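The next block holds one structure in the form of C-alpha cells; read it before the comments.
Just so you know, all these numbers are worked out from the coordinates, no wet-lab data involved. Remember, predicted model here, so these are calculated numbers, not experimental data. All Cβ positions, even for glycine, are placed from backbone atoms using ideal geometry, and neighbour counts span all protein chains on display.
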Amino acid sequence: MGKLTIGIFSSLIGSMSLDFALKLAEAAINKGHEVNFWVSGNATMLSKKAQRAYRDYSFLEKKVKELMERGVNFTACEACSEARGYHKEETMEGWKRHHMDWYLASCFDSDRVLHIGGE
Amino acid sequence: MAIKKLAFIVDKPPYKTETSRLALTHALSSQSVEIYLKDGDNVEPFLAFIGDGVLNCVKNQKSLTMYGVTSLDMHIRNALLFGLNVYVCEEDIMKFGLTEDMIVMDSDHPDGELKTQIIPYTEIQKAMETCDHILFF
C-alpha cells in the first residue's frame, strides 16, 4: 500500500474543497493507504476545536476525529494558525502543528501528493 | 540518499488571495526540511510563474510600505539567494506587456549569483516532467 500526502489551503467555510479532501482521505484509508493531511493558509480553520454544526455550513470536526481514529495524520501549519489567532490550546485534540518544512518532508517520502490550492 | 524534485507552479496573481504567498513560503521552507529527513536525503524545489502568476515577479512592490506586509518580490529575491531556480513564463510576460527590467531578476544581495530565468512555457513543462511532485498554487 502507498503513502499519500494531501495538502490543502482552502477555508472550512466558503469553499467545499476541505469537504472533498476529507472524502478523498477517507477513500484512501478505505483502500489501505497511509494518509498525511496537511492544512495551511485558511485551511488551518479545520484544526480549530469547538466547531458548531449548522446546516448551512460545512461541519467537519466529527469527520476529522473519525479519520484521526482510523490513522490519518492531521497536521496544521503553525505559523498560518497563529497568524489567524488559532492557538495551540484552541486546536482540536490529536492535531500536530509544524512549520511548512514538515509538509515538504511529507512530500519527500509520499508515493503521491495531492495538492489542493487555496481560494 | 535521495533527492526529490518539487515543482511549485504559481498561476495566481499576488495579494488578492494568499495563494501565491503560500507557494513562496512553502518553497522557501525547503531550507530547513532536512531536520525531518535521513542524512543525505533532501528536496530540490523550483518555482515557476505562469499565467497571472507572472505578476508576482514585478519588482519594486510596495506592500511593506502600504500595508506592512512583506512583498512577493522580497520572497522571490530570497528564493534566488537561497539557490532556488525561479522560472518565469516568457509568453505570459509578453502578454502583460512586461519586460525583463520590470521583473525581479536577481536577489539584489552580494552573495546571490542565481538569476531569474525567463523561458518559454515548453521549457517550464520540461522542468515539470523531471519532478517527483508538482504543487500547483
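Things worth noting here:
- Residue list for region B:116-137, filter: hydrophobic (A, V, I, L, M, F, W, C) and either farther than 18 Å from A:I116 by Cβ or more than 8 Å from chain A (Cβ to nearest Cβ) (or both): B:I118, B:I119, B:I124, B:A127, B:M128, B:C131
- Selected residue (only one of B:A23, B:A7 is under 26 Å from B:Y121 (Cβ atoms), in a helix (DSSP H, G or I), within 13 Å of chain A (Cβ to nearest Cβ) and among the small types (G, A, S)): B:A23
- Residues in region A:1-32 that are without any contact (Cβ under 8 Å) to a residue 60 or more places away in the chain, more than 16 Å from A:K65 (Cα to Cα) and not small (G, A, S): A:M1, A:I13, A:M16, A:K31.
- Here B:Y15, B:Y67, B:Y87 are screened, and the one residue that is among the aromatic types (F, W, Y) and at positive phi is B:Y15.
- Residues located in region B:92-105, provided they are touching a Lys or Arg at 6+ places or on another chain (Cβ under 7 Å) and surrounded by fewer than 16 Cβ atoms within 10 Å (Cβ to Cβ): B:M102
- Verdict on B:T70 being of a type in the set (V, I, T), more than 8 Å from chain A (Cβ to nearest Cβ) and either in contact with a Leu (Cβ under 6 Å, 6 or more places away or on another chain) or assigned to a loop (DSSP other than H, G, I, E, B) (or both): yes
- The residue that is farthest from A:V72 (Cα to Cα), among those in region A:3-44 that are in contact with a Ser or Thr (Cβ under 8 Å, 6 or more places away or on another chain) and surrounded by fewer than 17 Cβ atoms within 10 Å (Cβ to Cβ), is A:I13.
- Within region A:34-48, being over 21 Å from B:T17 (Cα atoms), touching a residue at least 40 places away in the same chain (Cβ under 8 Å) and either touching a Pro at 6+ places or on another chain (Cβ under 6 Å) or away from chain B (no Cβ under 14 Å) (or both) holds for one residue alone: A:K48.
- Of the residues making up region B:60-100, just one is basic (K, R) and within 20 Å of B:F8 (Cα to Cα), namely B:R77.
- Of everything in region B:80-97 that is out of contact with any helix residue (DSSP H, G or I) (no Cβ under 7 Å at 6 or more places or on another chain) and either under 30 Å from A:S10 (Cβ atoms) or part of a helix (DSSP H, G or I) (or both), the residue that is farthest from the other protein chains (Cβ to nearest Cβ) is B:M94.
- Considering region B:29-45, and only residues there that are surrounded by fewer than 22 Cβ atoms within 10 Å (Cβ to Cβ) and within 13 Å of the chain's Cα centre (by Cα), the residue that is nearest to the other protein chains (Cβ to nearest Cβ) turns out to be B:S29.
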